[in-house]
1. What is the residue count in the range B:87-131 for residues that are open to solvent by 10 Å² or more (accessible area, probe 1.4 Å), within 21 Å of A:ALA8 (Cα to Cα) and among the small types (Gly, Ala, Ser)?
2. Does A:ALA80 count as farther than 30 Å from B:MET345 by Cα and within 7 Å of chain B (Cβ to nearest Cβ)?
3. Does the range B:288-305 include one or more residues that are more than 24 Å from B:GLY206 (Cβ to Cβ) and charged (D, E, K, R)?
4. Quick test for you: out of B:ALA263, B:ALA215, pick the one residue that is surrounded by 24 or more Cβ atoms within 10 Å (Cβ to Cβ) and not in a strand (DSSP E or B).
5. So in the range A:31-49, with the set limited to residues that are within 7 Å of another protein chain (Cβ to nearest Cβ) and assigned to a loop (DSSP other than H, G, I, E, B), which one is surrounded by the fewest Cβ atoms within 10 Å (Cβ to Cβ)?
6. If we scan the range B:200-212, do we find a residue that is in a helix (DSSP H, G or I) and either in contact (Cβ under 8 Å) with a residue 12 or more places away in the chain or open to solvent by less than 10 Å² (accessible area, probe 1.4 Å) (or both)?
7. Looking only at residues that are among the basic types (Lys, Arg) and facing chain B (nearest Cβ under 7 Å) in the range A:1-30, which one is most open to solvent (accessible area, probe 1.4 Å)?
8. Take the conditions in contact with a helix residue (DSSP H, G or I) (Cβ under 7 Å, 6 or more places away or on another chain), acidic (Asp, Glu), surrounded by fewer than 24 Cβ atoms within 10 Å (Cβ to Cβ) and closer than 26 Å to B:VAL305 by Cα and apply them to B:GLU246. Does it pass?
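The values are calculated or read from the model by the stated rules, or taken from the named source; none is laboratory data. Given the structure is predicted, the values throughout are model-derived calculations rather than measurements. Every residue, glycine among them, receives a Cβ derived from its backbone with ideal geometry; neighbour counts consider all protein chains shown. Surface accessibility is based on the protein's heavy atoms, side chains included, excluding ligands, DNA and RNA. Shrake-Rupley method; radii C 1.70, N 1.55, O 1.52, S 1.80 Å.
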Amino acid sequence: MAVPHFMASGMGGIRSAGDLVARMQFSKNMKIDKAKEYVAKKLGLSTLEIADEHIMRELREELKIGVITGVPNAPRGIAAKMNIERLIDTKINSCELFREVTKR
Amino acid sequence: MKGFYTRMGDGKRVIMTKEQIINDIHAGIADAADMAGVPDLKADEVDLLFEIISDKNRIVGVEPGKEVVLTYDIGQLDFTGDNGNSGNGIDVGRRESALLHERALGGDTFELAHADYSIKPVKPIISNEMQAMEEIQSEIIIPFFYGAMPNSGLYYAPDGPYGNPADLMREFKIEEAMQAAEFTAEHLARDIEYVSTRMVAAGADGFNFDTTASAGDADFVGTLKGVEMLRKACPKTYIMVGMAGESVMGIHGSIEYKGEVVAGKYPHQQVKLAEKAGANVFGPVVNTNTSKSLAWNMSRSVTFVKECIRVAKIPCHVNMGMGVGGIPMWETAPNDAVTRCNKAMVEIAKVDGV
């Protein structure tokens, strides 16, 4: 079911800014339009552009927030999520736990 | 006869005329409006439904800029499960499955799941699940939940400690049946607190309660109480409550949550209870009638869900799997039907996610 839904209306996760919009929906109870506006403002883009893979591919690599392809040295996992925390001004549970165990 | 290729609720191809499709759209809307006491769709929305259904292309989609967030239930079981879960039967690891959904399948979120996908069987293997969550969180980027069905049916005989209400009612032991349901709700809430708080302690972004109220009103009350306990223990965790059907079955009949009887609640009423419990996202469900057309099922689902979205203060991600959200009840749900229901939910019901 994932593929037809993604093709019909999905933001595409880390192909674009879908993960960032999802985080604002879940952390701040923002409805879709408000969550997209919030993320767009943080990225300096329009709400149309944050779902555009052509724009977001290079921007994600530049911002070090994770890309779908295997790029050596590109942050993944906790490292990418720590950059996401700063970018959209939110706290992510796994990053909080990482800081706790590393005392950083 | 000039007609349009469309589907029945079981997925079978049929040819319908414009008049037949329009009639089924109106009938589906009327059924939902009558059942739930919600407004009919407007004339321009009926026109858009017809336009979506009669589109000549196999696949349809929303206009650029109208994309929404895609969340999941059942986690990696879509790859690993058997056909009972509509799974592919591929013995791929849970880590690999999560990363594939992130990097290859366009998932905006994903989740970890137990093979039985229920709260109760997670308890004895909680350490195993916590370890898997810690490992995957170190590599994944998208919000990664733990997901499970409350599934309070597992607490009734012969699987659990309480009498089975169906058996007790057959023996006219009504009081005992109601008491068993009440005990189950409390037990379920305690188990939800045990499992969910530990998964958050292992780094989960949140918890997805899937197919809530599948065992009726006591299942719903137990889940809402469990959500409340999780929210109190973990104020910042992400909580999603997805339902099992458009109406909560009254297995108990009068069990209440915060002074309200929950049996018979429809999506626009269910969401208010999820909000009170502390959910961040609500997942309305509308079941498919296999004897009716795609036009009937899609219109009926959109009518229920549109009102839910209108009254909700939290975002809503509508459930759109096989047999829900207007989609045919068929294991390999036809893509033309899936994408049509998707577009209708986004552009007419204005859902925040799927």
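1. Looking only at that region, the number is 1.
2. Answer is yes for this residue.
3. Checked against the condition, which is being more than 24 Å from B:GLY206 (Cβ to Cβ) and charged (D, E, K, R), the range B:288-305 yields at least one hit.
4. One residue alone meets the criteria, B:ALA215.
5. The selected residue is A:LEU48.
6. Step one: of the range B:200-212, the residues in a helix (DSSP H, G or I) are B:200-201.
If we keep only those that are either in contact (Cβ under 8 Å) with a residue 12 or more places away in the chain or open to solvent by less than 10 Å² (accessible area, probe 1.4 Å) (or both) too, we end up with B:200-201.
Scanning the range B:200-212 turns up at least one residue that is in a helix (DSSP H, G or I) and either in contact (Cβ under 8 Å) with a residue 12 or more places away in the chain or open to solvent by less than 10 Å² (accessible area, probe 1.4 Å) (or both).
7. By that ranking, first place goes to A:ARG15.
8. So B:GLU246 fits the description; yes.
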